[in-house]
């Protein structure tokens, strides 16, 4: 007979009351308020735990994210340093775990001995059967024997090595696309991955920071290939001193560097036109001045005028009609320890180099005549090392006009005098034959040669460099000497040699030479191009043209990836070399700095218009 519904409900209540009565605490039992309070508090686990966790054979669902774990199943025969860098530097969310389990060397040696015996036995059987040699077997035996030797000598050790990658995606498609990208990157290096199908939970647990290898999928590697998997391979060029050069594109760190703490403070900058080389150097100048360095610039295109005006620098225009003059016969100031004869000889050698640029090719006889004529020119002014008033006489040096007169009255010097006449009385008169009226007493000095005739530009750059070098030798202070478009000098033998001598010697005078060029071929093919690079501890390579990338790659020993980076870089991007370290760099300036140092014509027009609106047309003019 079926139970009545009311009776069935009564039976249920009876059972429930019995359970409550059974679990009712006795009189001796008391509730613990502290325990109840603690159970009601939120713990760290409660805070970090996802809202939900769903497990599927091929992926996980952690909250609203799709998760998948991959593991490396096989490696190629050779591994290159940094082979794992493309994965580490991917701009994607992922967790990576590496598990290295040391193995007993004795056990491995016994196993390798057994394997070597098997391989050698198989090779013998195939030889007896008349089969041709198997390169795979021979290579395997060679690798086994080499590894046995290194393990026995203690040079290498053996490990079981597992790498797991847990990737995240907002959707299943995004997750699959990321997996495909990683597999493509690794398969290009002959490294193959597999998803942890049906073991996704163990894979996820192996990549959280608990140091538990629950997946336990490993490959056997010895020390050498294992070391190539070190994950932190991007160069770090940050220091506590120096200036900000830019952003490290590998890891977004700052490239803070003090060039004066290297073996020498020289810098070379190579880039194609419009790649931002002058922009980068002007930014370095501005920031170096904040740390008290004096900066002297040779500017062939008037690019540094705005920077010079902004910081209250001295702008020296060098041209045929300019009131600014530099006398090549000037002697540097010298102290008590300096030998007057050495100073005079050095300056005569510099003047001879200048004469070779002015007069073109000269014969050995003419070179000897010029040397004697320059000495006699100094002697006319009583500038002689044996003279008692040498230092006082050096304050009033001769000019090029006096050299011209000496050559005219010297046997064999008539032809040289005729060739020199246009610089003293002809078209180019007034440029070289006047006393110096330029002073280097400002923190920033810019020598502008834009308005100098094209044929005289190498002469002007040499003359300015000679004058600057004499001043550097006269007074010791922290300086930067910037030579823009340095290739103009490198095409002349004597001018290139003079630049090279400065690059070698300026370290002793607390000076750093910066050479900037866009004509890489002319610079490097010069006899003194590569020596200048070798004497520069810092190099900055920005965007390169396809026509010059090969010679740049050969000079700086670039990898294929670095060549591609320089070809594909945007403006202000490239590679920064500092000694043995180098990193991809992005030059970054603040808004104020950008307004001061920009070379963009469109931006300069806008800045000029803004100034005109603020100052009025008459004052602006």
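Each principal axis of the range 327-435 carries a Cα extent, and these read 40, 28, 23 Å when sorted largest first. Between residue 475 and residue 129, the simple label model (points 7 Å from Cα in the Cβ direction) yields a spacing of 8.9 nm. Classification of the range 445-557 by its C-alpha gyration tensor yields an oblate form. The axis ratio a/c (a ≥ b ≥ c) is 1.5 or more, and b/c is at least a/b. The listed peptides 272-279, 151-158, 430-437, 456-463, ordered by packing as a protection proxy, come out as 456-463, 272-279, 430-437, 151-158 (highest mean of other Cβ atoms within 10 Å first). Entry note, the chain: the mean residue ellipticity at 222 nm calculated from DSSP H runs of n ≥ 4, each adding -39500 (n - 2.57), is -13000 deg cm²/dmol after division by the residues and rounding to the nearest 500. Relative protection proxy for 487-499, 360-372, from highest mean packing down: 487-499, 360-372 (other beta-carbon atoms within 10 angstrom). Can you give the relative contact order of the chain as a percent, counting alpha carbon pairs under 8 Å and 6+ residues apart? That works out to 16 percent.
Annotation: extensible slack from residue 561 through residue 152 equals 143.5 nm (criterion: 0.36 nm per residue apart, minus Cα-Cα distance). The gain in end-to-end length when the residue 491 to residue 251 segment is fully stretched comes to 82.4 nm, 0.36 nm per residue minus the alpha carbon separation.
Between residue 588 and residue 120, what's the calculated FRET efficiency when r is the beta-carbon distance and R0 is 45 Å? Round to 0.05. For residue 588 and residue 120, the calculated efficiency is 0.15. DSSP bridge analysis restricted to the chain gives an antiparallel fraction near 65%, rounded to the nearest 5.
On the basis of the beta-carbon distance and an R0 of 25 Å, residue 393 and residue 510 show a calculated FRET efficiency of 0.25. For the range 152-222, what class follows from the C-alpha gyration tensor (a ≥ b ≥ c being the square roots of its eigenvalues): rounded when a/c is under 1.5, otherwise prolate if a/b is larger than b/c, else oblate? In terms of gyration-tensor shape, oblate. Each peptide in 514-521, 168-175, 133-140, 260-267 receives the mean, over its residues, of other Cβ atoms within 10 Å, and ordering these scores from highest gives 514-521, 260-267, 168-175, 133-140. Between residue 521 and residue 439, what FRET efficiency comes out of the Förster formula 1/(1 + (r/R0)^6) with R0 = 51 Å and r the beta carbon distance, rounded to 0.05? For residue 439 and residue 521, the calculated efficiency is 0.85. Calculated on the alpha-carbon coordinates, the convex hull of the chain measures out at 382 cubic angstrom per residue. Remark: spin-label model distance residue 604-residue 333 equals 3.5 nm, labels positioned 7 Å along the Cα→Cβ axis. One decimal place: the segment residue 103-residue 185 gains 26.5 nm when fully extended, by the rule 0.36 nm per residue minus the C-alpha distance. The percentage of C-alpha pairs in the range 255-308 whose separation is greater than 13 Å is 68%.
Only the coordinates and a few stated rules stand behind these numbers; no lab work does. These figures come from a predicted structure and were not determined experimentally. Cβ sites come from the backbone with ideal geometry, for glycine too, and all protein chains shown count toward neighbours.
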